[in-house]
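Q: Would you mind keeping the following structure in view while I ask a few things?
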Amino acid sequence: MVSRPLSGGFASIRKAGALAAHVLDFVVPYVVPGVTTQELNDLCHQEMLRHGGTSATLNYQGFPQATCISPNHVVCHGIPSSRKLVAGDILNIDVTVLLDGWFGDTSRMFYVGTPPLKARRLTEVAYQALMQSISQVRPGGFLGDIGACIQHIAESAGFSVVRDFCGHSIGQVFHGDLAVLHVGTRGTGPVLQPGMIFTIEPMINAGRPEVRVLQDGWTAVTRDRSLSAQFEHTIGVTETGVEIFTLSPKGYTCPPYGESA
Ligand code: MF3
Ligand code: CO
Ligand code: CO
């Protein structure tokens, strides 16, 4: 009946989460016009390895790269490539590390130069949707409170929430069984309990919510080619509220980030 103290699992995933977040901090100055997504991937990969971690995505169900990099109308699971970024692009970099047997999973948006106002607004709304939904998390709350919050923020801003992908429980497995929907109804779904660890990772589209997966079997794009933005944190339910395991060590939140602005 006695479960492992929260601090056990939380102490371990804290380190994995901090490393994943560090990698996103580290890559900031390299996100400039002319860089390829492959180069950004390789920089992130080297940084994970340098700190004793490995990439959880490399060879995961056949995924061929150490990170997912998803520019502009790519919703998620973009495969790093020889594509060169250009000023005005927005992109998501999603890093999942495995460190000492625990997974840390986080993603942020990045700007190349100064993107158009609508792209920046979309990015800011995606960030607010994630952070506001995290602030809903507390023991005794409901999983549905999270999706309801995200959906309200995104749709109030005139954007849409992607239905085809969700957050997930995480810990000593990458993708656990719990599905964290990014739309929903308050007061519904599983009750949040201390010790639960999962991601929240809303994908917000400027246009319609539908996605299409390209021939490569991974790259998800908006069907209407509208822009898409996503942020992701790995979080834990505590006795009193919530802990975010993937906060930026440098204090970065939403772009533009100091060094890239
Ligand atoms: N990091 C992604 C997530 O947030 C999963 C990527 S799986 C991959 O769950 F195979 F596409 F890399
Ligand atoms: Co995830
Ligand atoms: Co991720």
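Q: Any residue that is closer than 23 Å to residue 73 by Cβ, within 16 Å of ligand 1 (Cβ to nearest atom) and out of contact with any helix residue (DSSP H, G or I) (no Cβ under 6 Å at 6 or more places or on another chain) - is there at least one of those in segment 172-180? First the steps, then the outcome.
A: Let us first name the residues in segment 172-180 that are closer than 23 Å to residue 73 by Cβ, namely none.
No, segment 172-180 contains no residue that is closer than 23 Å to residue 73 by Cβ, within 16 Å of ligand 1 (Cβ to nearest atom) and out of contact with any helix residue (DSSP H, G or I) (no Cβ under 6 Å at 6 or more places or on another chain).
Q: Kindly indicate which of 67, 106 is within 11 Å of the chain's Cα centre (by Cα) and either open to solvent by less than 10 Å² (accessible area, probe 1.4 Å) or on the phi > 0 side of the Ramachandran plot (or both).
A: Values: 67 fails: within 11 Å of the chain's Cα centre (by Cα).
Only one candidate passes the filter, namely 106.
Q: I would also like to ask the following. Got a number for residues in segment 103-130 being in contact (Cβ under 8 Å) with a residue 24 or more places away in the chain and either of a type in the set (A, V, I, L, M) or farther than 18 Å from residue 28 by Cα (or both)?
A: 14
Q: In the list 208, 212, 225, which residue meets the criterion of being part of a strand (DSSP E or B) and basic (Lys, Arg)? If you could, list the steps in order and put the result at the bottom.
A: On the way: 208 fails: part of a strand (DSSP E or B); 225 fails: part of a strand (DSSP E or B).
Residue meeting the stated conditions: 212.
Q: Sticking with this one: What do you reckon, is residue 156 open to solvent by 10 Å² or more (accessible area, probe 1.4 Å), closer than 19 Å to residue 60 by Cα and of a type in the set (Gly, Ala, Ser)?
A: Numbers: open to solvent by 10 Å² or more (accessible area, probe 1.4 Å): yes; closer than 19 Å to residue 60 by Cα: no; of a type in the set (Gly, Ala, Ser): yes.
No: the conditions fail for residue 156.
Q: Something else now. Take the residues in segment 217-233 that are within 16 Å of ligand 2 (Cβ to nearest atom) and within 19 Å of residue 124 (Cα to Cα), then tell me which one is farthest from the chain's Cα centre (by Cα). Can you show your working first?
A: Step one: list which residues in segment 217-233 are within 16 Å of ligand 2 (Cβ to nearest atom), which gives 218, 220, 228-233.
Retained after the next criterion (residues that are within 19 Å of residue 124 (Cα to Cα)): 228-233.
Values: 228: 13, 229: 10, 230: 6, 231: 4, 232: 2, 233: 6 Å.
Applying the filter and picking the extreme gives 228.
Q: Quick one: residue 179 ticks every box in (1) open to solvent by 40 Å² or more (accessible area, probe 1.4 Å); (2) more than 16 Å from ligand 3 (Cβ to nearest atom); (3) out of contact with any Pro (no Cβ under 7 Å at 6 or more places or on another chain); (4) not aromatic (Phe, Trp, Tyr) bar one, so which box is it?
A: (2)
Q: A further question on this structure: With the structure loaded, tell me whether residue 16 is open to solvent by less than 60 Å² (accessible area, probe 1.4 Å), modelled with pLDDT of 95 or more and farther than 24 Å from residue 258 by Cβ or whether it fails that test. Talk me through it step by step, then tell me what you get.
A: Details: open to solvent by less than 60 Å² (accessible area, probe 1.4 Å): yes; modelled with pLDDT of 95 or more: yes; farther than 24 Å from residue 258 by Cβ: yes.
Here the answer is yes, as residue 16 does meet what is asked.
Residue-by-condition table, conditions (1) away from ligand 3 (no atom under 16 Å from the Cβ); (2) at pLDDT 95 or above; (3) among the β-branched types (Val, Ile, Thr):
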residue: 173; (1), (2), (3): no, yes, yes
residue: 185; (1), (2), (3): yes, yes, yes
residue: 190; (1), (2), (3): yes, yes, no
residue: 215; (1), (2), (3): yes, yes, no
residue: 246; (1), (2), (3): no, yes, yes
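Q: Looking for whichever is buried (at least 24 other Cβ atoms within 10 Å of the Cβ) and more than 17 Å from residue 207 (Cβ to Cβ) here; the options are 133, 82. Which one fits? Can you show your working first?
A: Details: 82 fails: buried (at least 24 other Cβ atoms within 10 Å of the Cβ).
From the options 133, 82, the qualifying one is 133.
Q: Another question, if that's okay. Scan segment 179-218 for residues that are among the basic types (Lys, Arg) and within 18 Å of residue 130 (Cα to Cα) and report the count.
A: Going through segment 179-218, the residues among the basic types (Lys, Arg) turn out to be 186, 208, 212.
Next, only the ones that are within 18 Å of residue 130 (Cα to Cα) stay: 186.
Counting residues in segment 179-218 that are among the basic types (Lys, Arg) and within 18 Å of residue 130 (Cα to Cα) gives 1.
Q: When you look at residue 85, is it out of contact with any Phe, Trp or Tyr (no Cβ under 7 Å at 6 or more places or on another chain) and over 21 Å from residue 248 (Cα atoms), yes or no? Even if it seems obvious, please write down each step before you answer.
A: Values: out of contact with any Phe, Trp or Tyr (no Cβ under 7 Å at 6 or more places or on another chain): yes; over 21 Å from residue 248 (Cα atoms): yes.
Criteria met by residue 85.
Q: Go through (1) closer than 27 Å to residue 210 by Cα; (2) open to solvent by less than 40 Å² (accessible area, probe 1.4 Å); (3) within 16 Å of ligand 3 (Cβ to nearest atom) one by one and return the number of the condition residue 88 breaks.
A: In the conditions (1) closer than 27 Å to residue 210 by Cα; (2) open to solvent by less than 40 Å² (accessible area, probe 1.4 Å); (3) within 16 Å of ligand 3 (Cβ to nearest atom), residue 88 misses (3) alone.
Q: From 244, 197, 204, which residue is surrounded by fewer than 23 Cβ atoms within 10 Å (Cβ to Cβ) and under 18 Å from the mean Cα position of the chain (by Cα)?
A: Values: 197 fails: surrounded by fewer than 23 Cβ atoms within 10 Å (Cβ to Cβ); 204 fails: surrounded by fewer than 23 Cβ atoms within 10 Å (Cβ to Cβ).
Answer to the selection: 244.
Q: Hey, could you check segment 189-212 for residues that are without any contact (Cβ under 8 Å) to a residue 60 or more places away in the chain and farther than 28 Å from residue 17 by Cβ and say which is nearest to ligand 2 (Cβ to nearest atom)?
A: Let us first name the residues in segment 189-212 that are without any contact (Cβ under 8 Å) to a residue 60 or more places away in the chain, namely 189-193, 196, 198, 207-210, 212.
Going one step further and asking which of them are farther than 28 Å from residue 17 by Cβ, we end up with 207-210, 212.
Values: 207: 23, 208: 23, 209: 19, 210: 21, 212: 20 Å.
Among them, the one singled out is 209.
The values are calculated or read from the model by the stated rules, or taken from the named source; none is laboratory data. Remember, predicted model here, so these are calculated numbers, not experimental data. Here the Cβ is made from the backbone with ideal geometry for all residues, glycine too, and neighbour counts use every protein chain on show. Please note that ligands, DNA and RNA were not included when accessible areas were found on the heavy atoms of the full protein model with its side chains. Shrake-Rupley method; radii C 1.70, N 1.55, O 1.52, S 1.80 Å.
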